[in-house]
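Have a look at the structure below before the remarks.
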Amino acid sequence: MTRIIMHGCNGAMGQTITRIVKEDAEAEIVAGIDIHNTMENEYPVFQSLSQCDIEADVIIDFAAAVAVDSLLDNAIVKRLPIVLCTTGLTEEQLKKVKQCSNLIPILKSANMSLGINMLLKLVKEAVSVLAPADFDVEIVEKHHNQKKDAPSGTALALADSINEVMDGQYEYMFDRSTRNEKRGKKELGISAVRGGTIVGEHEVIFAGTDEVIEFKHTAYSKAVFAKGAVAAAKFLKGRRPGFYDMSDVVRI
Ligand SMILES: NC(=O)C1=CN([C@@H]2O[C@H](COP(=O)(O)OP(=O)(O)OC[C@H]3O[C@@H](n4cnc5c(N)ncnc54)[C@H](OP(=O)(O)O)[C@@H]3O)[C@@H](O)[C@H]2O)C=CC1
Ligand SMILES: O=C(O)C1=N[C@H](C(=O)O)C[C@H](O)C1
């Protein structure tokens, strides 16, 4: 049995995971953490991890970037592994996550779905062939109107995956509205659309002369992220301190 503390338990993802775990005989949410205790849950809810005195194996985090520093500090005190799914972290926070992973196991992924983790690999192969043939790369992501961060963590992860193959040559272009010049060869455009209840769409466009190749992933429900997060929690239980990602959990 994997005993989970759900950080951000009253949010959209926290409640989706609560439903998924109810059907899972090998996992249990033993406590929740959320700043507002507005929901009825079958487990006790605390305002901060520091107040939680329940024994657990792992924390699943889908909350807010502002909550990540205290989450890390308190998880270290309690020696609890974290499946870190919140996006929109600052460069400073990303450094802190890496440092903390020397003390506790941390699995960080901007997208817990199998499809996106497959796509992270596919785009590497694509860019290695298409960039030398002068294809331009653009990423377009679409999400619901409740999302706070832009561009999405997944769009940035896809860009980083592509840029890794290119030895960091690409410069990310988030806004062309104030520019009055042609697209540069080493630009990687990232555009964000927000509206309605779109769960999550990511398109990676390789545009060449007279031909275009597009990779697209569509999430039709938040359950794809929730299932991945629960699988990651089971994987992380009892691990050594270290920095992990979804490629350690899913075989691709
Ligand atoms: N890695 C992945 O696969 C995915 C990542 N995400 C990311 O997960 C995060 C959460 O997404 P989602 O569930 O849709 O967002 P929600 O806003 O619906 O849920 C977040 C919850 O965390 C609460 N919260 C805010 N601040 C704190 C705090 N300091 N301590 C504890 N709880 C806090 C919020 O409360 P309140 O509403 O009162 O602010 C809310 O209940 C986002 O960063 C999103 O981008 C989402 C889906 C997939
Ligand atoms: O906020 C969301 O909803 C999502 N956030 C993640 C991101 O920023 O990439 C993952 C997913 O696309 C849904």
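Among the residues of the stretch 47-60, those that are more than 16 Å from ligand 2 (Cβ to nearest atom), under 14 Å from Ile4 (Cβ atoms) and not small (Gly, Ala, Ser) comprise Leu49, Cys52, Ile54, Glu55, Asp57, Val58, Ile59. Scanning the stretch 50-67 for residues that are of a type in the set (A, V, I, L, M, F, W, C) and more than 22 Å from Gly238 (Cα to Cα), which turns out surrounded by the most Cβ atoms within 10 Å (Cβ to Cβ)? Per the criteria, the residue is Ala63.
Pairs linking a residue in the stretch 180-198 that is under 16 Å from Ala159 (Cα atoms) to a residue that is assigned to a strand (DSSP E or B) and among the basic types (Lys, Arg), with Cβ atoms under 9 Å and 6 or more positions apart or on different chains, are Ala192/Lys142.
The listed residues are Ala75, Ala65, Ala131, Ala150, and the only one of them that is within 16 Å of ligand 2 (Cβ to nearest atom), in contact with a helix residue (DSSP H, G or I) (Cβ under 9 Å, 6 or more places away or on another chain) and either under 18 Å from Ile17 (Cβ atoms) or modelled with pLDDT of 95 or more (or both) turns out to be Ala65.
All of (1) more than 8 Å from ligand 1 (Cβ to nearest atom); (2) closer than 23 Å to Thr87 by Cα hold for Cys52 with one exception: (2). On the stretch given as the stretch 84-114, residues that are outside any loop (DSSP other than H, G, I, E, B), crowded, with 21+ Cβ neighbours inside 10 Å and within 16 Å of ligand 2 (Cβ to nearest atom) total 3. Could you go through the stretch 180-199 and let me know if any residue there is touching a Leu at 6+ places or on another chain (Cβ under 9 Å), in a strand (DSSP E or B) and within 12 Å of ligand 2 (Cβ to nearest atom). Within the stretch 180-199, one or more residues are touching a Leu at 6+ places or on another chain (Cβ under 9 Å), in a strand (DSSP E or B) and within 12 Å of ligand 2 (Cβ to nearest atom). Looking only at the stretch 10-35, which residues are within 8 Å of ligand 1 (Cβ to nearest atom) and either more than 14 Å from Lys222 (Cα to Cα) or among the acidic types (Asp, Glu) (or both)? Across the stretch 10-35, the qualifying residues are Asn10, Ile33, Asp34, Ile35.
The condition of being closer than 25 Å to Val199 by Cα, in contact with a Lys or Arg (Cβ under 8 Å, 6 or more places away or on another chain) and in contact (Cβ under 8 Å) with a residue 24 or more places away in the chain holds for Gly88. Taken together, Leu89, Leu80 contain a single residue that is assigned by TED's automatic domain parsing to the domain that holds Arg240 and either within 13 Å of ligand 1 (Cβ to nearest atom) or closer than 30 Å to Tyr220 by Cβ (or both), which is Leu89.
Looking only at residues of the stretch 149-174 that are of a type outside the set (A, V, I, L, M) and touching a Ser or Thr at 6+ places or on another chain (Cβ under 9 Å), we find that the one that is surrounded by the fewest Cβ atoms within 10 Å (Cβ to Cβ) is Phe174. For the stretch 1-28, enumerate the residues that are under 18 Å from the mean Cα position of the chain (by Cα), of a type in the set (Gly, Ala, Ser) and within 21 Å of Lys78 (Cβ to Cβ). Gly8, Gly14 - these are the residues of the stretch 1-28 that are under 18 Å from the mean Cα position of the chain (by Cα), of a type in the set (Gly, Ala, Ser) and within 21 Å of Lys78 (Cβ to Cβ). The residue list Lys142, Lys227, Lys147, Lys237 contains one member that is of a type in the set (D, E, K, R), assigned by TED's automatic domain parsing to the domain that holds Lys22 and within 16 Å of ligand 1 (Cβ to nearest atom), which is Lys227.
Inspect all residues belonging to the stretch 132-144 and state whether any of them is part of a helix (DSSP H, G or I) and under 28 Å from Ser221 (Cβ atoms). No - not one qualifying residue is present in the stretch 132-144.
The values are calculated or read from the model by the stated rules, or taken from the named source; none is laboratory data. Note that this is a predicted model, so its numbers are computed, not measured. Cβ atoms come from the backbone with ideal geometry, glycine included; neighbour counts cover every protein chain shown.
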